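Here the structure comes first, spelled out in structure tokens, and everything after it is commentary.
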Amino acid sequence: MPQEKESDEVIIVALDVDTRQEALELVDLLKGRVSFFKIGMQLYNSQGPAIVSQVKEKGVKVFLDLKFHDIPNTVGAASAVAVRMGADMFNLHASGGEAMLRKAVESAQEEALRLNRSEKPLIIGVTVLTSMNQAALEQLGINRPLEQQVKSLAELCQGAGLDGVVASPKEIKIIRESCGKDFVIVTPGVRPLWASRDDQERVNTPGEAAALGASYLVIGRPITAAADPGEALDKILAEIE
Ligand code: C5P
């Protein structure tokens with residue numbers, strides 16, 4: 001890991017469930033061993049913004065994974081709301097373009113200042129979804145190699161003032177070389193050898209992703225869909241160490 005971190009600060013557990021009860025039970029079961037939980041569209045759309053404060057009341061951090069992608073004014077306003085909700089990290093699609101990315105950073109900074117918060121949340125750009133491969137990019141008319149697309153989007157994010165990016169473990173090296181050791185790299189697409197790949201295409205094991213220099217590993221189904229999520233998390237933590 002490039003940044004020195006406590007072991008409970010490496011994994012972000014994706015709370016991809018429908019109900020508040022399931023989400024809060026997972027937080028109660030795993031907190032202490034993990035301090036960061038991700039609320040994405042499934043849980044947010046089903047439970048509404050209150051779920052963010054309900055998870056935060058458990059004393060853990062929240063990554064609000066709503067992947068904003070809209071005109072700068074709208075994304076700026078949504079970013080200010082994310083700050084008000086108390087997100088510790090939120091994200092937006094890098095492909096929304098530089099003006100949109102800059103507006104998100106500016107609005108989040110202004111809102112944090114207005115609320116007298118010492119710092120704004122970490123703002124992270126999504127490069128290329130880990131469920132996509134080269135053929136899927138080509139269908140969108142993007143013909144350069146996937147790694148090059150990820151690298152340019154990471155550079156765009158850094159230039160616009162974002163704190164980091166979401167990318168597959170396979171792209172950590174190229175991003176670190178180009179954006180430096182302090183740039184935050186959040187990697188989904190993490191699969192222990194004993195877990196199913198599900199719909200993820202570009203995967204690495206947790207040990208590999210950590211060794212490659214990921215800042216955070218986002219892990220969902222290998223933990224949340226396991227018969228014993230606590231045991232699955234322990235196995236993954238042991239593998240990383
Ligand atoms: O269950 P799994 O470990 O595949 O969950 C990965 C999580 O990371 C999901 O919540 C998914 O929405 C999210 N994610 C992703 N790829 C990205 C960005 C986010 O898989 N590029």
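What is the spin-label model distance, in nm, from Ser118 to Gln21 if the labels are put 7 Å beyond Cα along the C-beta direction?
3.9
Just to confirm, what accessible area per residue do you get for segment 20-75 at 1.4 Å probe, in whole Å²?
48
Mind giving me the nanometre distance, one decimal, between the label points for Glu138 and Trp194, set 7 Å out from Cα along Cα→Cβ?
According to this spin-label approximation, the distance is 3.8 nm.
Hull surface divided by four, with the convex hull built on the Cα atoms of the chain: how many nm²?
Taking the Cα atoms of the chain, their convex hull projects to 12.3 nm² on average.
Hey, got the dipole for the chain? About the Cα centre, +1 on K and R Cβ, -1 on D and E Cβ, debye to the nearest 20?
Dipole magnitude for the chain comes out near 400 debye.
Could you please state how large a percent of the accessible area of the chain is carbon and sulfur, counting protein chains only and using a 1.4 Å probe?
C and S atoms contribute 48 percent here.
Filter the trypsin sites (Lys or Arg not before Pro) in segment 137-241 down to the DSSP loop ones having no more than 12 other Cβ atoms within 10 Å, then list what survives.
Of the trypsin sites (Lys or Arg not before Pro), the ones in loops of segment 137-241 whose Cβ has at most 12 other Cβ atoms within 10 Å are Lys181, Arg197.
Which GluC sites (Glu not before Pro) in segment 13-84 sit in a loop by DSSP (not H, G, I, E or B) and have at most 13 other Cβ atoms within 10 Å of their own Cβ?
Passing both the DSSP loop test and the Cβ count: Glu57.
Gain in length, Asp70 to Asp182, computed as 0.36 nm per residue apart minus the alpha-carbon separation, to one decimal in nm?
37.6 nm
Which residue fluctuates the most in the chain, going by a Gaussian network model with Cα springs under 10 Å, if the choices are Gly213, Gly141, Gly96?
Sorting by GNM fluctuation, first place goes to Gly141.
For the pairs Lys151/Lys235; Lys31/Lys151; Lys67/Lys151, flag any whose C-alpha to C-alpha distance is greater than 30 Å.
Lys151/Lys235; Lys31/Lys151
With the cut-off at 28 Å, tell me which of the pairs Lys5/Lys120; Lys61/Lys103; Lys38/Lys173 have Cα atoms farther apart than that.
From the list (Lys5/Lys120; Lys61/Lys103; Lys38/Lys173), the Cα-Cα distance tops 28 Å for no pair.
The values are calculated or read from the model by the stated rules, or taken from the named source; none is laboratory data. Small disclaimer: the values here were computed from a predicted structure and weren't measured. Neighbour counts run over all protein chains shown; Cβ positions are idealised from the backbone, glycine included. Calculation scope for accessible area: heavy atoms of the full protein, side chains included, ligands and nucleic acids excluded. Shrake-Rupley method; radii C 1.70, N 1.55, O 1.52, S 1.80 Å.
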